Amino acid sequence: MRADGREPGEVRPVEIVRRFTAAAPGSVLIRTGATHVFCTASIEPGVPEWREASGAGWLTAEYDMLPGATAQRRKRNRTQVDGRSQEIQRLIGRSLRMAVDLERLGAYTIYVDCDVLQADGGTRTAAINGASVAVCDAVRVGAARGLWPADVLRGLVGAVSVGVVDGRVLVDLDYCEDVAAAVDCNLVMTEQGRWIEVQATGEQQAFTDEQLTEMLRLGRAGIEHLLAAQRAALDQGAEA
């Protein structure tokens with residue numbers, strides 16, 4: 001058993017609150033254990049200049065942690081995005097682009113914003129899970145407005161962290177587990193069960209084929225649980 005009583009392959013309790021604010025077409029607060037992330041998906045006409053000739057749409061993401069998200073206050077990124085945030089927002093963007101048929105989106109951009117309100121490990125994967133629901137809502141709103149066809153959404157996207165801690169493969173690491181992990185891995189998967197991203201890094205030691213296989217096996221099960229939570233959130237009040 002882990003410090004919080006979970007089994008190695010068990011994810012933390014997850015809560016997904018849709019329509020958390022009223023302005024953005026997609027607005028979600030996701031709580032994964034003590035990690036809380038606010039995600040919005042906004043629709044803007046036009047695409048980046050380099051994208052215009054294609055006639056296709058675009059999806060891009062921004063990520064940041066609010067100053068009070070951790071015990072030690074974090075400075076705001078007012079003028080320049082730091083390397084960690086840039087890496088994470090690129091991961092979020094390319095993951096969620098797999099959820100949308102950009103060719104059918106037309107000359108529109110979906111802007112995803114993920115702000116960490118409270119951090120206790122797994123902020124990037126929580127952001128992907130929350131933003132997946134926000135993007136789904138935004139796509140539905142755009143279709144209702146006649147901006148694009150109703151079948152633009154390809155499916156949901158799920159993500160989870162996995163790691164090797166004290167020789168054991170654990171899923172959905174909290175902060176204490178994350179800092180102690182000898183191997184760190186972030187997994188992103190489509191609703192259809194295909195991998196989008198497999199980021200596995202030996203932080204303190206190299207890992208074996210068997211450990212990688214176990215990380216993928218337990219990670220897949222964890223993501224399937226998180227995708228089920230996304231679907232349940234979308235089914236609740238779907239008519240609204």
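Is there a residue in the range 210-221 that is within 30 Å of Arg104 (Cβ to Cβ), at pLDDT 95 or above and not acidic (Asp, Glu)? Yes; the residues of the range 210-221 include at least one that is within 30 Å of Arg104 (Cβ to Cβ), at pLDDT 95 or above and not acidic (Asp, Glu). Restricting the range 142-163 to residues that are aliphatic (A, V, I, L, M) and in contact with a helix residue (DSSP H, G or I) (Cβ under 6 Å, 6 or more places away or on another chain), which is surrounded by the most Cβ atoms within 10 Å (Cβ to Cβ)? Residue satisfying both the conditions and the ranking: Val162. Might you check whether a residue that is assigned to a helix (DSSP H, G or I), modelled with pLDDT under 95 and under 20 Å from the mean Cα position of the chain (by Cα) occurs anywhere in the range 73-81? No, the conditions are met nowhere in the range 73-81. Residues in the range 48-65: is at least one closer than 16 Å to Tyr175 by Cβ, in contact with a strand residue (DSSP E or B) (Cβ under 7 Å, 6 or more places away or on another chain) and not acidic (Asp, Glu)? Yes - at least one qualifying residue is present in the range 48-65. Scoring Cys176 on the criteria (1) among the hydrophobic types (A, V, I, L, M, F, W, C); (2) surrounded by 15 or more Cβ atoms within 10 Å (Cβ to Cβ); (3) assigned to a helix (DSSP H, G or I) leaves a single failure, condition (2). Each residue in the range 164-202 was checked for being closer than 22 Å to Ala34 by Cβ and free of Cβ contacts under 8 Å to residues at least 24 places away in the same chain, and 6 pass. Taken over the range 27-53, the criterion of being more than 14 Å from the chain's Cα centre (by Cα) and either closer than 18 Å to Arg94 by Cα or not small (Gly, Ala, Ser) (or both) is satisfied by Ser42, Ile43, Glu44, Pro45, Val47, Pro48, Glu49, Trp50, Arg51, Glu52. Please indicate, with yes or no, whether at least one residue in the range 117-140 is at pLDDT 95 or above, assigned to a strand (DSSP E or B) and surrounded by fewer than 19 Cβ atoms within 10 Å (Cβ to Cβ). Yes, the range 117-140 has at least one match.
Within the range 38-59, if we keep just the residues that are aromatic (Phe, Trp, Tyr) and farther than 16 Å from Val139 by Cα, the residue that is modelled with the lowest pLDDT turns out to be Trp50. Please verify whether Thr70 is closer than 21 Å to Pro13 by Cα, over 12 Å from the mean Cα position of the chain (by Cα) and surrounded by fewer than 21 Cβ atoms within 10 Å (Cβ to Cβ), treating the condition exactly as stated. Yes: the conditions hold for Thr70. Checked against (1) crowded, with 22+ Cβ neighbours inside 10 Å; (2) part of a strand (DSSP E or B); (3) in contact (Cβ under 8 Å) with a residue 60 or more places away in the chain, Gln230 meets all criteria but (2).
The values are calculated or read from the model by the stated rules, or taken from the named source; none is laboratory data. This one's a predicted model, so the numbers in the text were calculated from it and none came from an experiment. Reconstructed Cβ throughout: ideal geometry from the backbone, glycine too, with neighbour counts over all protein chains shown.
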